[in-house]
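*Asks:* Take this structure, written in structure tokens, and hold onto it; I'll ask about it next.
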Amino acid sequence: MPLETKHRILLLYASQSGQAKAIAEEIAETADEKGFLADLYCVSQMEQFSLEKERAPVVIISSTTGVGQVPDTARKFAQELNSDLPANFYSHMKYAVLALGDSNYTNFANGGRIIDKCLQQLGAQHFYATGYADDSIGLELVVEPWIEGLWDALNELCQGQKEEVNSIENILTMNDDSTADRSSELTDIELLKLEANVPPTAKDSVNSPVGVEQNSIVAGFQECCQVPTWVQSEKPLSESALNIPSLPAEYLNVEFQESTEQVCQQECFSLAPGVTLFQVPVTKAISLTREDAVKTALFLELDISKTSMTYEPGDAFSIICPNNKSEVEELIQRIGLANKKDHVVEISIIPNNKKKGAHLPEYIPKKSTLQFILTWCLEIRSVPKKACLRALAEHTSDSFEKRRLQELSSRQGAADYTRYMRDHNICLLDILRALPSCHPPLSLLLEHLPKLQVRSYSAASSPKYHPGKLHFVFNIVEFPSCPEKPVDRRGVCTGWLAEQVTPMLQNCENETIIGDCLSNGFELPQASIFSQQNPFFHLPAVTAAPIIMVGPGTGIAPFIGFLQHRDGKNMAKDVASSLTQIVSEKLGVDTLVAMKILADLREEKRYLQDVWS
């Protein structure tokens, strides 16, 4: 299509773990063939775009983080929308929102909802129904039909704008006095047409999460079958013609340099920019479960006394953790770079590349060793996006293996992608194990693997009751082997934490001998953490207000902090006092006799106490 006939759109994304960014990039890649020019920006790049002056359609892809908050990259953007702006400030703006979320959480897709609501309050108007994609059942179930319908909506909008301009020009040319403004009429018609353009499968869904508007696209739940393996294709997909997405544009250039010196950029690189990071020791580790328990739960204590970190019961904190060492080693071996794992990797943008908004990943140092990048920077356990599978197919020599990757990245293979990739959490290493002829370059990993995410945990203590200490409890996540994943795995962070504290569990089983362990050369494990305040999960200000706390399993952890903070420090003493009073009244004896009776019951193991504080 000639350049002059293409309509411009502004494409914005607010991403926490890379999902929203990947979807926005997919839209940007497709825009050209659909007759549009997409200007792509993260919402944090506010100096590079202006909604106040924007007259092109705006498409916003937003994920959700925390307890229903906008991503970290969108905080400033959301604050700007919430500032003291007139009610009609964005009345000129036509926009669409795709909100990503997980219906397992209360505030489903709330990051996109917040942005959507703010724009509505400032007078902006939808040109396409808001989409709500649910990660718990597969984002692609909404994302793909939403994107497909987006192009029709954009064409409809641009055609309507063109007709409006032509109409105005004709009126001016004919010098007609009937110059009534038809913009509002056109907008109503456009909205009605856009509602009709919502894919029928999405509009007919009967499993919409609570609170989702009727005009939105929401995925319904589906049955997922257990299957022996994902590598072999089955009919009819194996005999179907495939609608394969365009090959993602390569944009990163990778060079290796030998270096015997420590890389300064790697040493100074911040794995958590924008937050205050604290390096703290683990001073206590206790196993809360027996050896034959189905799950292994651990209690850890961190010493924050020498830091400025503060928290309240109900707050969370995040831990920066590395990928599993053996998995990193295996991945390096598998991509044929074992002899270069300690070499310096220099990354740069390929000149004149075709990638929309191409830029260096901010979570990877410009100069660093391969070992550092795969250990600390990339989420190697993530389920590869379809764009990644499409790119992997280009580096797969076996025709059957290549075809399978093409199927899983195709529109026809959407059900297989959900059933095999998502439901079994198949990662890149699983794919490379199963497809021997697949040999991707390092640049593909750097372009397609998302940032290694921090892991967050609830505080299980009160700073009033344990000053200078931070407690937390977690289950060690176990992934047993299966045909899809032939190797046992533990959770990235829980497995790493368990490995770090194993010597403490074996050698320092209680507080009294920790000093002896230290004096014998045992070094306490260290953790890099930062605070994550949660104002929506704090104790009520009125201390007399009753509280009902529900937390099965390790979910009870934050409530321990609540109790320590309040009705908890003196609970055992108060219970004993109440029982003494009851015994005294019911048996008609004085207080000393009642206390003696309780003491005897305690001695006989008939009065049991579990006083964790």
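The values are calculated or read from the model by the stated rules, or taken from the named source; none is laboratory data. Note that the structure is a prediction, hence the values are computed from the model and not measured. Cβ atoms come from the backbone with ideal geometry, glycine included; neighbour counts cover every protein chain shown. Keep in mind that these areas ignore ligands, DNA and RNA; they rest on the heavy atoms of the full protein, side chains included. Shrake-Rupley method; radii C 1.70, N 1.55, O 1.52, S 1.80 Å.
*Asks:* Where nothing but the Cβ of Lys and Arg (+1) and of Asp and Glu (-1) is charged, how large is the charge dipole of the stretch 250-357 around its Cα centre, in debye to the nearest 20? Write out the running numbers ahead of the final one.
*Replies:* Details: 11 positive and 16 negative charges, 72 e Å.
Once rounded to the nearest 20, the dipole reads 340 debye.
*Asks:* Accessible area of PHE49, 1.4 Å probe, to the nearest 10 Å²?
*Replies:* Estimated to the nearest 10 Å², PHE49 gives 30 Å².
*Asks:* Can I get the semi-axes of the stretch 307-429's equivalent ellipsoid? Compute them from the C-alpha gyration tensor as square roots of 5 times the eigenvalues, in angstrom, largest first.
*Replies:* Details: eigenvalues 175, 100, 58 Å².
Taking √(5λ) for each Cα gyration eigenvalue gives 30, 22, 17 Å.
*Asks:* In what sequence, highest mean first, do 576-588, 385-397, 272-284 appear when ranked by Cβ atoms within 10 angstrom?
*Replies:* On the way: 576-588: 13.2, 385-397: 20.7, 272-284: 14.8.
Order by mean packing, descending: 385-397, 272-284, 576-588.
*Asks:* For a protection proxy built on the mean count of beta-carbon atoms within 10 angstrom, sort 540-549, 345-354, 526-535 highest first, please.
*Replies:* 526-535, 345-354, 540-549
*Asks:* Tell me, in nm to one decimal, what length is gained between ASP600 and GLN125 on full extension, where the rule is 0.36 nm per residue of separation less the Cα-Cα distance?
*Replies:* Details: separation 475, 0.36 × 475 = 171.00 nm, distance 7.47 nm.
Computed gain between ASP600 and GLN125 is 163.5 nm.
*Asks:* Give me a comma-separated list of calculated 3J(HN,Hα) values for the stretch 394-404, in order, Karplus coefficients 6.51, -1.76, 1.60 applied at θ = phi - 60°, integers in Hz, x for any Gly or Pro.
*Replies:* Going residue by residue, I get 6, 10, 10, 7, 5, 5, 5, 5, 5, 4, 5 Hz, with x marking Gly and Pro.
*Asks:* Between SER308 and ALA272, what FRET efficiency comes out of the Förster formula 1/(1 + (r/R0)^6) with R0 = 22 Å and r the beta carbon distance, rounded to 0.05?
*Replies:* On the way: r = 16 Å, r/R0 = 0.72.
For R0 = 22 Å, the calculated efficiency reads 0.90.
*Asks:* Take peptides 298-306, 240-248, 83-91 and line them up by average Cβ neighbours within 10 Å, highest first, as a rough protection proxy. Each step should come with its number before you reach the end.
*Replies:* Details: 298-306: 18.4, 240-248: 13.7, 83-91: 12.1.
Result, highest mean Cβ count within 10 Å first: 298-306, 240-248, 83-91.
*Asks:* Provide the per residue accessible area, probe 1.4 Å, for the stretch 14-101, rounded to a whole number of square angstrom.
*Replies:* With all protein chains present, the stretch 14-101 gives 42 Å² per residue.
*Asks:* I would also like to ask the following. Which value, in Å² rounded to 10, gives the accessible area of ASP32 with a 1.4 Å probe and all protein chains present?
*Replies:* Rounded to the nearest 10, that gives 80 Å².
*Asks:* With only Lys, Arg, Asp and Glu charged, each at its Cβ (+1 for the first two, -1 for the last two), find how big the charge dipole of the stretch 1-89 is about the Cα centre; round to the nearest 20 debye.
*Replies:* Values: 8 positive and 13 negative charges, 28 e Å.
Charge dipole of the stretch 1-89: 140 debye, to the nearest 20.
*Asks:* Would you mind checking the radius of gyration and Dmax of the stretch 522-588 based on alpha-carbon positions, in Å?
*Replies:* 18.3, 59
*Asks:* Report the gain in length on full extension from LEU247 to HIS359: 0.36 nm times residue separation, minus Cα-Cα distance, nm rounded to one decimal. Display every interim value, and only then the final one.
*Replies:* Values: separation 112, 0.36 × 112 = 40.32 nm, distance 1.83 nm.
Between LEU247 and HIS359, full extension yields 38.5 nm more.
*Asks:* Can I ask one more? Check the straight Cα-Cα distances from LYS366 and name the lysines below 27 Å, setting aside those fewer than 8 residues away within the same chain.
*Replies:* Within reach: LYS21, LYS76, LYS325, LYS340, LYS341, LYS354, LYS355, LYS356, LYS385, LYS386, LYS451.
*Asks:* If you take the charge dipole of the stretch 365-410 about its Cα centre, with +1 on Lys and Arg Cβ and -1 on Asp and Glu Cβ, which of LEU389, GLN406, PHE372 is farthest toward its positive end?
*Replies:* It is PHE372, whose Cα lies furthest towards the positive end.
*Asks:* Using 1/(1 + (r/R0)^6) with R0 = 60 angstrom and r between the beta carbons of VAL575 and SER240, what's the FRET efficiency to the nearest 0.05?
*Replies:* Working from the Cβ atoms, E equals 0.30.
*Asks:* Given a 1.4 Å probe and every protein chain left where it sits, what share in percent of the accessible area of the stretch 1-160 is carbon and sulfur? Intermediate values should be presented prior to the final figure.
*Replies:* Numbers: 2860 of 6460 Å².
Ligands and nucleic acids excluded, carbon and sulfur reach 44 percent.
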